[in-house]
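Visitor: This is the structure I have questions about; it appears just below.
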Amino acid sequence: MLRIKQSIINQLLKGCSLDELKKAVTTAIALEFSTIPPYLTGLFSIMPGSNQRASALIQSVVTEEMLHLTLASNILIAIGGNPDIVAIGRSLVYPGPLPDQIDNDLQVGLAALNKPQLKKVFMAIERPETKPGEILPGEEAPQPTPVDPGEFGSIGQFYKALLTALTIANANNPELFSTPRLEQQLDISKWFPPVPTAPANGQIRNLDDAAMAINTIIIQGEGIETGGESQGNLEGQRIEGKLRKANLNESILPRHRHGGNGGVSVENVSPGDGDGSYAHYFKFGEIFYGRELMPDPEAVSGWSYNGAPVPLDESQIYNFLPNAAVSDYLPGSSASVAAQRFYDAYQMLLTSLNQVFNGKPAAMDRAMGLMYQLKLQAQQVAQCPVGGNVSNLVAAPPFMLTH
């Protein structure tokens, strides 16, 4: 689970200036973007035509991370800001912690898809916050989230604090959302699968829409701390066409109040994401444990990975050079040429996404084409051995120019 400095959360809870608020939303955008290179590296390491179920699960997570980036960017646009996607993309360094606001206990690297990468990076990034006594599917004993009083809080807490800051700012300045610049915001209905919990078209017109967008980001990702009985997914609905009070619907992820035969009565995080699928942690869990997640009244958590097989054939995974940068390859070599082409395509993608969120949402059409091109270029990079005759090590698509 990612943790963020408590000082950032505390500042948001107290209220902050408009510039500080824009900076906090930009932090959210950078965080969402920073998970994409690790996930894409894992996805690109799957040999064409193999591991199709695992590939589909990772692709769905990448798509949702792009959705989260879009929703956060739309919030920023609605309050008068614009993100610099090029700067965000070029600032990322692997291995290392995610953006500099994030606790460095979790070192995120770029590597081929395998069980250690799934468990130590993918599932670690997305792990829900848990309390003492709570257990997640697949775990044999409760593993409560480490607490460092006054130092770090969860990403869920950060987003809740961000909503609090938006609420305070809106109360102090009723004009905060008066010019949401909808013409600059990306209409998610054109590019993403239907998202019932998101605001209409993913566009932010007011505080209520911002609350719905934040809900979607949290529940599709690591899950959130919840309280009280489930009252249904009301946050994804507009009641009689009226705007609802802007707050975070913590009942979207109801906890199970009954244990299984394990003899422990606990409340556990539901894997549902509110939109008919599982949150990211549980999607990665299906690949790691090799089975679909299913309700299981015999399990302490109420769930277990005992469904249909989700095979991961590691013989059909490229053995990527970890944490690759363009500078890792001998100039003039086939690996260097292919890697440079990939990096160039990645830079063009960053530029196109920057245009999307800086007044030209129609540029998303070109960005989508570049995403497909990125996949093709990654396949070309993977055809270049870099380990000599005694190794199956191959070049990996680089998201960095140098280390």
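The values are calculated or read from the model by the stated rules, or taken from the named source; none is laboratory data. Computed from a predicted model, the values in this text were never measured in an experiment. Here the Cβ positions follow ideal geometry from the backbone for every residue, glycine too, while neighbour counts run over all protein chains shown. SASA here: full protein model, heavy atoms, side chains in, ligands and nucleic acids out. Shrake-Rupley method; radii C 1.70, N 1.55, O 1.52, S 1.80 Å.
Visitor: Determine the sum of side-chain charges near residue 55: Lys and Arg each +1, Asp and Glu each -1, restricted to other residues whose C-beta is under 13 angstrom from that of residue 55.
Guide: +1
Visitor: Around residue 120, under 14 Å between beta carbons, what's the net of Lys plus Arg minus Asp minus Glu among the other residues?
Guide: Spelling it out: positives minus negatives among the neighbours equals +1.
Visitor: Follow-up question, since we're still on this one. What lysines sit close enough to residue 22 to cross-link, taking a C-alpha to C-alpha distance under 25 Å and skipping anything fewer than 8 places away on the same chain?
Guide: 5, 14, 160, 245, 360
Visitor: Rank these by accessible area, largest first, 1.4 Å probe: 303, 191.
Guide: 191, 303
Visitor: Per the 1.4 Å probe, what fraction of the accessible area of the stretch 356-403, in percent, lies on carbon and sulfur atoms?
Guide: Ligands and nucleic acids excluded, carbon and sulfur reach 53 percent.
Visitor: Could I ask something else about it? Could you name the lysines whose alpha carbon sits less than 22 Å from that of residue 375, not counting residues in the same chain fewer than 8 places away?
Guide: 190, 283
Visitor: Related question: Give the long-range amide H neighbours of residue 108: residues separated by 5 or more places, or on another chain, with amide H under 5 Å away, using H modelled in the peptide plane at 1.01 Å from N.
Guide: Those lying under 5 Å, H to H, from residue 108 are 96, 98.
Visitor: When the accessible area of the stretch 36-189 is split by element with a 1.4 Å probe, what percent falls to carbon and sulfur?
Guide: Exposed carbon and sulfur together represent 53 percent of the surface.
Visitor: Taking a 1.4 Å probe, which of 205, 366 shows the most accessible area, and what order do the others take after it?
Guide: Per-residue accessible area, sorted high to low, gives 366, 205.
Visitor: Under a plain spin-label model, where a point goes 7 Å from the Cα along Cα-to-Cβ, how far apart in nm are residue 60 and residue 7?
Guide: 4.0 nm
Visitor: Follow-up question, since we're still on this one. With every protein chain present, what accessible area does residue 178 have (1.4 Å probe, heavy atoms only), rounded to the nearest 10 Å²?
Guide: 70 Å²
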